[in-house]
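*Asks:* Submitted below is the structure of interest, expressed as structure tokens.
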Amino acid sequence: MMRQFLGPCPVCGGSKLLQRDVLWSELFNSWQLSAAEISYIDRQQGYHCAQCFNNLRAMALAAAILCEYKFIGTLEQFCESRTAVSMLEINQAGNLTPFLQKMSLHKLVEYPQFDMIDLDIESESFDLVIHSDTLEHIANPERALSECYRVLRNGGKCIFTVPIVVDRLSRSRVGLPPSYHGRPGIPAADQVVYTEFGADAWKTVLGAGFMSCEIFSFEYPAALVLIARK
């Protein structure tokens, strides 16, 4: 039986969770999604905390971080207390950023000032790298993850999300009509999708050089997080 997450929010502790539909017909037609896939991806992106406005995939990322560091409490409490963890956030991870910035060793880098496939960051300088629904917008996702590997210290972790369609294998969208995330009808260059990730998303992680890849299931199949260890 698949369980659904009902709260409280692992980011802020809020108890009121709401659903709004966020997918649009052009997007799920270009991805050739089934009705079941539309349902769980809509939940992934649209089910959110009414207090901090983080959606299910951001809450899953927060829960994975808490689990990995064996912290009992909310992400907000973790960030206020874990001053020794150096974290690199690549592009804003949903609405987690205001909480993550409470960490004294937190650094946020964003496109286009920082290109994920060639980060202008010293090697072996962070304990934790996080990003959320960014990798599918990178033309060479394995190269991007190899950069995450490079900037991590030995024993470091890259914890991230990508939208995973669990009943199919990953496919490149090269040669297919352009597909964009973001908002319907707005073809922003940084929102074009290069890869549709499937059940074999772990291959990209190991191909980038990581020692292991764990799938953290906050809610299956809507909220999966990948934990890559160096």
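*Asks:* Can you give me the long-range amide H partners of Tyr194? Hydrogens built in the peptide plane at 1.01 Å from N, cutoff under 5 Å, separation of 5 or more residues or another chain.
*Replies:* His137, Ile138
*Asks:* Relative contact order, percent, of the chain when contacts are C-alpha pairs under 8 Å separated by at least 6 residues?
*Replies:* 19 percent
*Asks:* What ³J(HN,Hα) values, in whole Hz, does the Karplus curve 6.51 cos²θ - 1.76 cosθ + 1.60 give for segment 214-221 when θ = phi - 60°, with x put for Gly and Pro?
*Replies:* 10, 9, 8, 9, 7, 7, 8, x
*Asks:* At a 1.4 Å probe, what is the % contribution of carbon and sulfur to the accessible area of segment 1-128?
*Replies:* Using a 1.4 Å probe with all protein chains present, segment 1-128 comes out at 50 percent carbon and sulfur.
*Asks:* Given the Cα-Cα distance of Met211 and Asn29 and 0.36 nm per residue of separation, how much length would full extension add, in nm?
*Replies:* That works out to 61.9 nm of additional length.
*Asks:* Then there's this: Tell me the net charge near Gly207. Cut-off is 12 Å between Cβ atoms, Gly207 excluded, with +1 for each Lys or Arg and -1 for each Asp or Glu.
*Replies:* Around Gly207, the charge tally is 0.
*Asks:* Hey, another quick one. Based on the Kirkwood radius over alpha-carbon pairs, what is the Stokes-Einstein translational diffusion coefficient of segment 28-142 at 37 °C with 0.692 mPa s viscosity, in µm²/s?
*Replies:* 209 µm²/s
*Asks:* Net charge near Cys67: determine it from the other residues with C-beta under 13 Å of the C-beta of Cys67, scoring Lys and Arg +1 and Asp and Glu -1.
*Replies:* After counting each charged neighbour, the total is 0.
*Asks:* Considering only the chain, what is the antiparallel percent among its DSSP beta bridges, to the nearest 5?
*Replies:* 55 percent
*Asks:* Still on this structure: Want the number for Asn154 to Thr97: 0.36 nm per residue separation, take away the alpha-carbon distance, what's left?
*Replies:* That works out to 18.0 nm of additional length.
*Asks:* Please compute the net charge surrounding Lys102, taking Lys and Arg as +1 and Asp and Glu as -1 over other residues with Cβ under 14 Å from its Cβ.
*Replies:* My count for the surroundings of Lys102 gives -1.
*Asks:* Quote the accessible area belonging to Phe218 in square angstrom, nearest 10, computed with a 1.4 Å probe and with ligands, DNA and RNA left uncounted.
*Replies:* The value for Phe218 is about 20 Å².
*Asks:* If you take the alpha carbon radius of gyration of segment 58-108 and divide it by 2.2 N^0.38 Å, what ratio comes out, to two decimals?
*Replies:* Rounded to two decimals, the normalised Rg is 1.00.
*Asks:* Separate question: Going from most exposed to least, what order do Leu17, Leu135, Leu169 have by accessible area with a 1.4 Å probe?
*Replies:* Ranked from most to least accessible, the order is Leu169, Leu17, Leu135.
*Asks:* For segment 1-86, what D do you get in µm² per second when you plug the Kirkwood radius from alpha-carbon pairs into Stokes-Einstein at 4 °C and 1.567 mPa s?
*Replies:* 91 µm²/s
*Asks:* OK, next. Determine, for each peptide in 42-48, 102-108, the mean count of other beta carbons within 10 angstrom over its residues, then list the peptides with the highest first.
*Replies:* Taking the mean over residues of other Cβ atoms within 10 Å, the ranking is 42-48, 102-108.
*Asks:* Going from the alpha-carbon gyration tensor of the chain, what semi-axes, largest first and in whole Å, does one get by taking the root of 5 times each eigenvalue?
*Replies:* 25, 22, 16
*Asks:* Another question, then. Given the Cα-Cα distance of Lys107 and Leu169 and 0.36 nm per residue of separation, how much length would full extension add, in nm?
*Replies:* Fully extending the segment from Lys107 to Leu169 adds 19.0 nm.
*Asks:* With a 1.4 Å probe and all protein chains kept in place, how much accessible area does Ile117 have, in Å² rounded to the nearest 10?
*Replies:* 60 Å²
*Asks:* Give the long-range amide H neighbours of Ser86: residues separated by 5 or more places, or on another chain, with amide H under 5 Å away, using H modelled in the peptide plane at 1.01 Å from N.
*Replies:* Here Asp127, Leu128 satisfy the definition.
The values are calculated or read from the model by the stated rules, or taken from the named source; none is laboratory data. Predicted model only: the values in this text are computed from it and were never measured. Backbone-built Cβ (ideal geometry, glycine too); neighbour counts: all protein chains shown. Note: accessible area is taken over every heavy atom of the protein model, side chains too, but ligands, DNA and RNA are not part of it. Shrake-Rupley method; radii C 1.70, N 1.55, O 1.52, S 1.80 Å.
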